[in-house]
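The values are calculated or read from the model by the stated rules, or taken from the named source; none is laboratory data. Note that the coordinates shown come from a computational prediction; the quantities given were computed from them, not determined experimentally. Using ideal geometry, Cβ is built from the backbone for each residue, glycine included, and neighbour counts are taken over all protein chains shown. Areas reflect the complete protein model, heavy atoms only, side chains present, ligands, DNA and RNA absent. Shrake-Rupley method; radii C 1.70, N 1.55, O 1.52, S 1.80 Å.
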Amino acid sequence: MILIEHQRLPTSGARAVVPFVLAGTQYLVVPQLAVDVPGAASHMNGGDSDTDALIYRWQNDRFIEDGALKLSGGEDAEFFALGEEFYLVTAGVRSGHGPYRYNTDQVLYRRIGDSWTPIQTFAAFAAKQWHFFRVGDRAFLALAQGLTLDHIQATNPRNSRIYAWNGRQFEDFQTLEGMWGYNWESFEIAGQSFLAYADHVGESVLLAWNGSTFSPLQSFSKKGGRCFRYFFVDGEHYLAFANIQGESVLYRWGGKEFASCQTLSGPGGRELCIVRTDASVYLLQINFIEGDPSAPRTNLMSRVFKWSNGKLMLVEEFPTAGGTDAAVFSADDKLFVAVSNSLTIDVRFRTDTIIYRFNG
């Protein structure tokens, strides 16, 4: 087996797993969408959203609880450094327990002493994911956000957007056309900086830095986009794309744009994770649900691919329960993968996040 279960964390509607190292210690943040409401009917978009992002600390070969950050409708967190300072920014899609509020402030924290201290807020609408990246000596934060449902109205800025660091705080830099954003990926090829953006109801696109802004270069799908993941192997640049409503596909860089070179799966794909060992490159595809949100099938098999002979070979499948994210980290000279699960087979939020030892 490649993935060997190591530990279970008792989470509820976990939407992301975010490992980071601070002062030589390994941590893990798990944003949670909601907790179950006793006596209420089950629904993947129901529950009580006023919950926390859980913080775990690695100790004696396991994660132990180390605190929490208030995060209603938790979807994501991003850890990054600017100079000698460390930051954590969180994304929550909504607050309340019905009716829900989707116009909420997102919080940027700075590590001061032993605490995470709020230093800036961002007015957002149905926030999904933050992504920190650099272009040259400039630092950016990109926010994927939005919904297009008639009964939910935006009062905060609704489009996905990019913020730039001005030396004191992040300020508005660029607004995208995306109206239901999910994910970002940034990378560089031959000195050219790229930013990929996945959207549910609009185009999932690759943007290229032109020296002053990010301009569209290539479109990958008209809807259903969930995640991009870049990797370099055997002298070639690749970009994997997960689509929850269609095929998840691997693309190869041709010099001016990416071209499809392999179909990975059909519908259900939500997240992708690259794992590198001394000998091989692996891609994990986390599958979320199939079917309509009113009656989803959550007990899917997620996939482990291994790079071999110029393509990704399926080498293992493993069960996920409304799988939402995967992230790799090292601890005690071993390689681990954290996988967040969000929905049980009967569409309840209380299901474990699982830590696997990676045996590749």
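So here's what we get for this one:
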{"item": "Residues located in the range 2-30, provided they are open to solvent by 40 Å² or more (accessible area, probe 1.4 Å) and either on the phi > 0 side of the Ramachandran plot or in contact with a Pro (Cβ under 9 Å, 6 or more places away or on another chain) (or both)", "result": "Ala23, Gly24"}
{"item": "Flag if Gly202 is out of contact with any strand residue (DSSP E or B) (no Cβ under 8 Å at 6 or more places or on another chain), at pLDDT 95 or above and under 29 Å from Met313 (Cβ atoms)", "result": "no"}
{"item": "Residues satisfying the stated conditions in the range 171-187, i.e. in contact with an Asp or Glu (Cβ under 8 Å, 6 or more places away or on another chain) and among the small types (Gly, Ala, Ser)", "result": "Gly178, Gly181"}
{"item": "Filter pass, Arg270 being closer than 18 Å to Leu3 by Cβ and surrounded by fewer than 20 Cβ atoms within 10 Å (Cβ to Cβ)", "result": "no"}
{"item": "Selection status of Asn156, touching a residue at least 12 places away in the same chain (Cβ under 8 Å) and open to solvent by less than 10 Å² (accessible area, probe 1.4 Å)", "result": "no"}
{"item": "The one condition in (1) open to solvent by less than 50 Å² (accessible area, probe 1.4 Å); (2) in contact (Cβ under 8 Å) with a residue 24 or more places away in the chain that Ala208 fails to fulfil", "result": "(2)"}
{"item": "Yes/no for Val337 being over 15 Å from the mean Cα position of the chain (by Cα) and under 24 Å from Ser186 (Cβ atoms)", "result": "no"}
{"item": "Options Ala127, Ala164, Ala123, Ala142; residue that is touching a Leu at 6+ places or on another chain (Cβ under 9 Å) and surrounded by fewer than 20 Cβ atoms within 10 Å (Cβ to Cβ)", "result": "Ala164"}
{"item": "Every pair of residues 6+ apart whose Cβ atoms lie under 7 Å, when the first sits in the range 128-153 and is assigned to a loop (DSSP other than H, G, I, E, B) while the second is of a type in the set (A, V, I, L, M)", "result": "Gly146/Ala126; Gly146/Met179; Leu147/Ala126; Thr148/Met179; Thr148/Val201"}
{"item": "Residue list for the range 181-205, restricted to those being farther than 14 Å from Ala142 by Cβ and surrounded by fewer than 22 Cβ atoms within 10 Å (Cβ to Cβ)", "result": "Glu188, Ile189, Ala190, Gly191, Gln192, Val201, Glu203"}
{"item": "Cross-chain or 6+ apart pairs with Cβ under 8 Å, the range 264-289 first and in a loop (DSSP other than H, G, I, E, B), then surrounded by fewer than 18 Cβ atoms within 10 Å (Cβ to Cβ) and hydrophobic (A, V, I, L, M, F, W, C)", "result": "Thr277/Leu335"}
{"item": "Scan of the range 34-84 for residues that are of a type in the set (A, V, I, L, M, F, W, C), part of a loop (DSSP other than H, G, I, E, B) and touching a residue at least 60 places away in the same chain (Cβ under 8 Å), ordered by number", "result": "Ala34, Val37, Met44"}
{"item": "Matching residues, the range 290-313, being open to solvent by less than 30 Å² (accessible area, probe 1.4 Å), more than 18 Å from Tyr251 (Cβ to Cβ) and not in a loop (DSSP other than H, G, I, E, B)", "result": "Leu300, Ser302, Val304"}
{"item": "Some residue of the range 220-237 being open to solvent by less than 10 Å² (accessible area, probe 1.4 Å) and within 18 Å of Ile2 (Cβ to Cβ)", "result": "yes"}
